[in-house]
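Engineer: Here it is: the structure, laid out below.
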Amino acid sequence: MQSDEFRSRVQEWVRSIEERTNYHSLDLGNGTIIEGVISVDALRSRLHDLEVPESLEGRRVLDVGAASGWNSFELERRGAEVVAIDCVAYEEFRYASSLLNSTVDYRMVDVDEISPELLGTFDIVLFLGVLYHLRHPLLALEKLCAVTREVAFVESFVTDSLMSPSGQTSMEFYEIDELGGQIDNWFGPTTACLVALCRSAGFATVQLQYSQGGRAGLICRRKWEAAWMAPFPDSLLTPIPSYFFPGRLLLFIPCHSNTIFSVSTPIALRRALRIVSCVDPSNARGAR
């Protein structure tokens, strides 16, 4: 249930944007900041909470839903080669890009168009504040997964929080303007649902960083962590029998740290893999 305060805050943001206030505040260097709806401190804090690396030298980054561009310019400042996409052009993005002498590749690309063929692949993908604006959220996450080589940082509106979890893996559907009075909001997942969507899209691991104030942030990795391989010698790189726990079937599959389960992996296998960790089978046997 949305509070009156929440709806009022969202509608104030909408009014600010309609009055041509920038969505992101923009730091032009030398202490010059163009104020926007979201402060530089808040934008910087989000990247910190998501543990986005401070040094991105040699990394290729995709910023999906770049908006005014603060994230794109910040990751470029950290050394990344950045491609920024959005479904509409933001005038302030081009203005700031010119003032900053930025080389960010700014393109008009809808989420539905994302593909390796069109954009290539990326070490890091930012997908912040986009999911709940989309009519087909799981399809969008699958497209995101297909262009991610290492990690995607995902943030979305959620209907609950860690302090007050819903206990459900579900989404609310907003036909008109039920979320904050905005007509471009379609879905509101619970935190558990957001995590499950990312796993089901094909990411190997999904780590919840925070869920509070109606926002949840995730780190979604395409590869199993190398540390998870430690218990397995190469001789065990063969199928391991399944182990049954009450109410579920877990598959324990030893895999190299560079193993990637893509969106082409059969859906039944991906659904099984969403609850998999590469765990020492002896521990699994002991848990029965």
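Engineer: For region 39-72, which positions are of a type in the set (S, T, N, Q) and surrounded by 19 or more Cβ atoms within 10 Å (Cβ to Cβ)? Give the steps one after another, and end with the answer.
Structural biologist: Kept after step one, since they are of a type in the set (S, T, N, Q), are these residues of region 39-72: 39, 45, 55, 68, 71-72.
Residues satisfying the conditions are Ser68, Asn71, Ser72.
Engineer: Answer yes or no as to whether Leu47 is under 24 Å from the mean Cα position of the chain (by Cα), of a type outside the set (D, E, K, R), under 23 Å from Val158 (Cβ atoms) and modelled with pLDDT of 60 or more.
Structural biologist: Yes: the conditions hold for Leu47.
Engineer: Which of the following residues is closer than 20 Å to Glu142 by Cβ, modelled with pLDDT of 95 or more and surrounded by 13 or more Cβ atoms within 10 Å (Cβ to Cβ): Asp123, Asp105?
Structural biologist: Asp123
Engineer: Also, quick follow-up: Here is a check on your reading of the model: is Phe187 on the phi < 0 side of the Ramachandran plot, buried (at least 21 other Cβ atoms within 10 Å of the Cβ), aromatic (Phe, Trp, Tyr) and at pLDDT 95 or above?
Structural biologist: No; evaluated as a whole, the condition is false for this residue.
Engineer: Another question about this same structure. Looking only at region 3-38, which residues are surrounded by 14 or more Cβ atoms within 10 Å (Cβ to Cβ) and modelled with pLDDT of 65 or more?
Structural biologist: Thr21, Asn22, Tyr23, His24, Ser25, Leu26, Asp27, Ile34, Gly36, Val37, Ile38
Engineer: Which fully enclosed strands (runs of 3 or more DSSP E) of region 77-183 have 2 or more residues being farther than 16 Å from Cys220 by Cα?
Structural biologist: Result: 81-86, 105-108, 171-173.
Engineer: I'd like to check something: does region 149-165 contain any residue that is closer than 23 Å to Ile85 by Cα and surrounded by fewer than 19 Cβ atoms within 10 Å (Cβ to Cβ)?
Structural biologist: yes
Engineer: Restricting attention to region 73-102, which residues are open to solvent by 10 Å² or more (accessible area, probe 1.4 Å), among the aromatic types (Phe, Trp, Tyr) and in contact (Cβ under 8 Å) with a residue 12 or more places away in the chain?
Structural biologist: Of everything in region 73-102, those that are open to solvent by 10 Å² or more (accessible area, probe 1.4 Å), among the aromatic types (Phe, Trp, Tyr) and in contact (Cβ under 8 Å) with a residue 12 or more places away in the chain turn out to be Phe73, Tyr90.
Engineer: Would you point out the residue of region 197-245, among those that are aliphatic (A, V, I, L, M), open to solvent by 20 Å² or more (accessible area, probe 1.4 Å) and farther than 16 Å from Ala146 by Cα, that is modelled with the highest pLDDT?
Structural biologist: Only one residue tops the list, namely Leu208.
Engineer: I need the full set of residues from region 155-169 which are polar (S, T, N, Q) and out of contact with any Gly (no Cβ under 8 Å at 6 or more places or on another chain), in order please.
Structural biologist: Ser164, Ser166, Gln168, Thr169
The values are calculated or read from the model by the stated rules, or taken from the named source; none is laboratory data. Predicted model only: the values in this text are computed from it and were never measured. Cβ: placed from backbone, ideal geometry, glycine included. Neighbour counts: every protein chain shown. The accessibility values were calculated without ligands, DNA or RNA, using every heavy atom of the protein model including side chains. Shrake-Rupley method; radii C 1.70, N 1.55, O 1.52, S 1.80 Å.
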